[in-house]
Each structure stands twice: as C-alpha cells, then as structure tokens.
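The values are calculated or read from the model by the stated rules, or taken from the named source; none is laboratory data. A quick note: this is a predicted structure, and the numbers were derived from the prediction, not measured. Positions of Cβ are backbone-derived with ideal geometry, glycine not excepted, and every protein chain shown enters the neighbour counts.
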Amino acid sequence: MLERIAELDAALATARGGGGEKYVKRHHSRGKLLPRERIELLLDRDSPFLEIAPVAGFQTDFPVGGSVVAGIGVVEGVECVIMANDPTVRGGAVNPVSLKKTQRVGEIALTNRLPMINLVESGGADLPTQADIFIPGGRVFRDLTRLSAAGIPTVSVVFGNATAGGAYVPGMSDYTIMIKDQAKVFLAGPPLVKMATGEVTDDESLGGASMHASTSGLADFLAVDERDGLRLARQCVRRLNWTKQGPAARNPFPEPPKYDPEELLGIPGADLKVPFDPREVLARVLDGSDFDEFKPGYGTALVTGFGELHGYPVGVIANARGVLFSEEAQKATQFIQLANAADTPLLFLQNTTGYMVGSEYEQRGIIKHGALMINAVSNSKVPHLTLNMGASYGAGNYGMCGRAYDPRFLFAWPNAKSAVMGPAQLAGVLSIVARQATEARGQEYDEESDAAMRMMVEQQIESQSGSLFLSGKLYDDGVIDPRDTRTVLGMCLSAIHSGTVKGAANYGVFRM
Ligand code: COA
C-alpha cells in the first residue's frame, strides 16, 4: 500500500507543479498568484480543501490535473465548490480533460446545492483539440446559469484572460469581480476584431476591468489587485445569507474511532483475490467504532448496518467476500429501502468480483436478485457515497453504486482496481472464444501465439484497471490515502447536507 501511495503522491506532485517551473516562474514574475495560492487566500484560514479529481488526465495526452484546480472548501463559513484555471498550463486553455473535470465539478455544485466560485484566467479553448470541446463545452455556460436558476449562487473572479466562450463564465455568474489592469474579458481580442470588422482597438477598451466596471456593467466589483479580488469574493459569500437545508450533524463532537486509522494501510492485502473483513475498515472510520449490523447472519458476503461518521448517520453496504450471491442482493435491496425510509445517506464500500455465475446460481435466479439490488440502488434517493477499497468488477460495480449510478462522491484507494472482469479471466475468455472459432473453421489452434496474446491482454487490462488510470479518466473524484478515509467522507457528508436529504417514495417494479 505504501508503494501505491508513493505513486499517488508522485502524480499529485506533478499536478501541483502545474505547467512546470518555467511557466510558474514567469507567472510569479508577473506579480500573479498560482491557482492553489488563490484558493488558499479565498478559503477560511486553516480550513481544509477537498480536492476533486486532482490527477485528472493521468496517463492521457494531457497534463495531469486538467489545467484546473477544483474542490470543496469553506469560505466565510459556507462550503463552496471552487474552480480555478491554471494559467501556467498552456495559458489555462481548456482541453477535453479540463472540460470533463469542469462539468463534474458543476454537477457536484448542483446535486449538493453548493455555491460555486470560479477563479478565471484561461486562454479559452485548447485550439489543437477544439473539435473535442467546442460543441459539448457550451454546456458549461448553460450549467452555470442553471445553478443560478436552482437558487445556487455563482461568483466569478477574473484574474486575466477570459476570451470568447470564456467570457460567458463571468457573463453567466450572479456576482462578477474583475482585477484592475489584469482582467481581459472580450468576445474577440484586438487581432480578431481587426480581421472581422477592420476596427483597430486595444485590450483595455475591448475588455479591461475598469471599462467593464464603469461602462459595460459586466463587472460588479473592481478589485485593485488579486488579494483584493479574493477579499471581495469572500464579501459576496458573506452576503449570500446562506443556510444549509439538510439536518446538522447529530453529534457535533463525535467520538473518533477506537482503532488506529494508520492500520487501514495493512487491511487490504497485496493480492486482491484475498478478501478482508470490511468491519475492520469500519472500526477505523466510523464514530466511536460503533456499527449496528443489520442481518449479520444472512447473506454474509455482504455487510450492512448503521453507524455515524463525523456525527452524520450513514447506512453502510460493504462487500465482505468478493462475490455477491442471491441472498446478498436481497439483503442489500431491503437495506437500501430501510435507509430511504429513514432518510439516511448510504456508504458503499466496494470490494467485489461481481455476482456469482454458474448454472446453480442462474437457476436460483441470480439475475433477478441482482436486478432487485440494481433497481434499489438506481431509484434510491438518499445521497450515496462510494469508496472502492479493492476490487470493483463486473455488474458488482453497478449494484455497489459505481460511477454510472451517480453516487454524490466516489473515491478509490490506491490499491483499487475496476474493470469488466479480472485480467486473467478476460484473457482466458478471449482465448477460449478464439480457440472455438479456430476449431470451428477446422484449423489448428496455435498455442504459442495464444500464450503471447494472453500475456499481452493481461498486461493491458492490468494497466487499465488501476485506480490512478481510472482517476485520470475521471471515473472517480480522486484516489485517496486510506488513512484519510474518515476525513474525506466526513467532508463529503457535510457538503451533502447543504441540500435536503430525503429518501425515495417509490421504486421501479421489483421483479420477485
Ligand atoms: N490553445 C492552445 N494553446 C494555447 C492556448 C490555446 N487557446 N493559449 C495559449 N496556449 C499555449 C501557447 O501556445 C504557449 O505555448 P508554448 O509555451 O509552448 O509556446 C502557452 O500556452 C503559454 O501561452 P503564452 O501566450 O506564452 O502565455 P501568456 O500568459 O503570455 O498568454 C494567453 C496567455 C491566454 C493570454 C495567450 O496565450 C492567448 O491569447 N491565447 C489565445 C487565446 C484565444 O484566443 N483563445 C481562443 C478562445 S476560443
């Protein structure tokens, strides 16, 4: 686990390095702050910041981090979603990874009812990849105004370039602050204006902060410098008169777990096939290590029960022995309904190889029972949190609220893996299919090339199922050190309670 954490730390260090030393130095020499410095000054002093998708873009053609820094932090006592362009990464231009991350962060603001603060400085669309972002990218502006329509305030502070589509970020925000002599907000810069209409003009008359604050009216506040801009953003949030809708933590001074979270490092083994007891994890995550287990003697490959985390009630559904059988699926279905009846958020702890296969299980109705569980997860209305602690394979990923099932937040431990099936199984299936096809054609199967194919496929699936690879593709909200699990989940639960927490009144038709 420590080796995996070192890999995570290296990826995080790359993200924190932004566009690299040369561009960071140049940015500082212009008297400007880096995105993380801006965020730090915006947040309440010494308050934590839960970064979302920090290694987005890992192992892709784009820089790690996606040229934006994003997360949840506290401003004037209000939990907000904060998004900051990183102008040291290709001028802060928006590439396909930046777009995906921006959209995910907007979704977090909307579903959890969190005010949104944009710290803008971007060269607009990444021109070489514009074909992949121009058309879908329009959603970002639509979503900003939909936040406003949903009663979720939006604030933007413009530190530099906000050209073309980028101009609609301040344009669509409830409050807009621009930094004097730095902000440049225009639909087209001087060269394009000259090309389009022949007019010869300059940056300041086209889109300078002073012009927008006094003439166009696009800026609500003119800041004298970056720090002043961040002060004004804090002032805007202070005046929102914001209150959370969800119930406050039941216990504002929760008891920490009785067992040392450091030991979480040693609970999952190096071999994912060796199951571990999720109660050992819960004992290091839940308040006072208190867990009231539901149906402990039935469907024992799945653990269900209630506890509290940082004072918030949670219903836990955790894999205990990899495979999900019919009993486990039925137990989960019942438990999800109970959590909905009690308006209690659900925490899914994944370590599953999927639903049981084989004729005995098919005849006993494993599809029907898996479908019950997937119905319950899909139509449950209480907020879901998902953590992949090890394995998340096959339809087990769906039943255990994988990304496609829209958990409010999804994190993975650095050892975790997720794929349609394990690498060896997948290579084996391909081999059997190829062998049958060859034999059906009356030809002889080449064992040597089969072995080579299996090895290649196994390696490919292995490298594509790791948590950093999946985080790079934004299939989760981040890979976390297991020792931070309680803190991360606690911050998520607190953020979730910015909105109402209400269970489902009805489900789809349950097939019995
Ligand atoms: N797409 C792709 N690459 C971009 C980019 C964009 N929109 N904007 C900047 N870059 C690249 C630059 O080519 C440069 O690459 P290099 O260092 O390898 O030469 C790097 O990002 C830094 O840009 P640079 O111009 O040196 O930085 P700056 O801080 O002086 O200026 C901008 C930043 C954004 C003001 C300036 O680059 C710019 O005007 N870009 C074009 C903006 C635009 O018209 N975008 C289209 C909107 S739809």
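A compact table of results
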item: Residue in the range 32-57 that is surrounded by the most Cβ atoms within 10 Å (Cβ to Cβ), counting only those that are touching a residue at least 60 places away in the same chain (Cβ under 8 Å), part of a loop (DSSP other than H, G, I, E, B) and within 16 Å of the ligand (Cβ to nearest atom); result: Gly57
item: Count - residues of the range 120-151 that are more than 13 Å from Pro96 (Cα to Cα) and of a type in the set (Val, Ile, Thr); result: 2
item: Restricting the range 76-96 to residues that are in contact with a Pro (Cβ under 8 Å, 6 or more places away or on another chain) and either in a helix (DSSP H, G or I) or β-branched (Val, Ile, Thr) (or both), the residue that is surrounded by the most Cβ atoms within 10 Å (Cβ to Cβ); result: Val89
item: Tally of residues being surrounded by fewer than 20 Cβ atoms within 10 Å (Cβ to Cβ), out of contact with any strand residue (DSSP E or B) (no Cβ under 9 Å at 6 or more places or on another chain) and of a type outside the set (Val, Ile, Thr) across the range 288-329; result: 3
item: Members of the range 179-201 found to be of a type in the set (Lys, Arg) and assigned to a helix (DSSP H, G or I), listed by number; result: Lys194
item: Restricting the range 12-31 to residues that are among the aliphatic types (A, V, I, L, M) and more than 22 Å from Pro261 (Cβ to Cβ), the residue that is nearest to the ligand (Cβ to nearest atom); result: Val24
item: Residue selected from the range 336-365 under the condition of a type in the set (A, V, I, L, M) and assigned to a loop (DSSP other than H, G, I, E, B), by the criterion nearest to the chain's Cα centre (by Cα); result: Ala342
item: Criterion (surrounded by fewer than 19 Cβ atoms within 10 Å (Cβ to Cβ) and either at pLDDT below 95 or in contact with a strand residue (DSSP E or B) (Cβ under 9 Å, 6 or more places away or on another chain) (or both)) met by exactly one of Tyr361, Tyr355, Tyr393; result: Tyr361
item: Ala219, sole failed condition from (1) touching a Ser or Thr at 6+ places or on another chain (Cβ under 9 Å); (2) surrounded by fewer than 16 Cβ atoms within 10 Å (Cβ to Cβ); (3) part of a loop (DSSP other than H, G, I, E, B); result: (2)
item: Tally, over the range 131-174, of residues that are under 21 Å from the mean Cα position of the chain (by Cα), away from the ligand (no atom under 16 Å from the Cβ) and in a helix (DSSP H, G or I); result: 5
item: Complete set of residues in the range 302-327 that are more than 14 Å from Phe348 (Cα to Cα) and among the aromatic types (Phe, Trp, Tyr); result: Tyr312, Phe325
item: Selection within the range 70-100 - within 15 Å of the ligand (Cβ to nearest atom) and either at positive phi or in contact with a Cys (Cβ under 6 Å, 6 or more places away or on another chain) (or both); result: Arg90, Gly91, Gly92
item: Condition met for Val193 (within 16 Å of the ligand (Cβ to nearest atom), of a type in the set (A, V, I, L, M, F, W, C) and crowded, with 16+ Cβ neighbours inside 10 Å); result: yes
item: Filtered residue count, the range 164-184, keeping only those that are in contact with a Leu (Cβ under 9 Å, 6 or more places away or on another chain), within 20 Å of Asn95 (Cα to Cα) and crowded, with 22+ Cβ neighbours inside 10 Å; result: 3
item: Test result for Asp203, acidic (Asp, Glu) and within 12 Å of the ligand (Cβ to nearest atom); result: yes
item: So Lys368, is it touching a residue at least 12 places away in the same chain (Cβ under 8 Å) and in a loop (DSSP other than H, G, I, E, B); result: no
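One line per residue, one yes/no per condition, for (1) touching a helix residue (DSSP H, G or I) at 6+ places or on another chain (Cβ under 6 Å); (2) crowded, with 22+ Cβ neighbours inside 10 Å; (3) not in a loop (DSSP other than H, G, I, E, B):
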| position | (1), (2), (3) |
| --- | --- |
| Ser449 | no, no, yes |
| Glu458 | yes, no, yes |
| Leu470 | no, yes, yes |
| Thr500 | no, no, no |
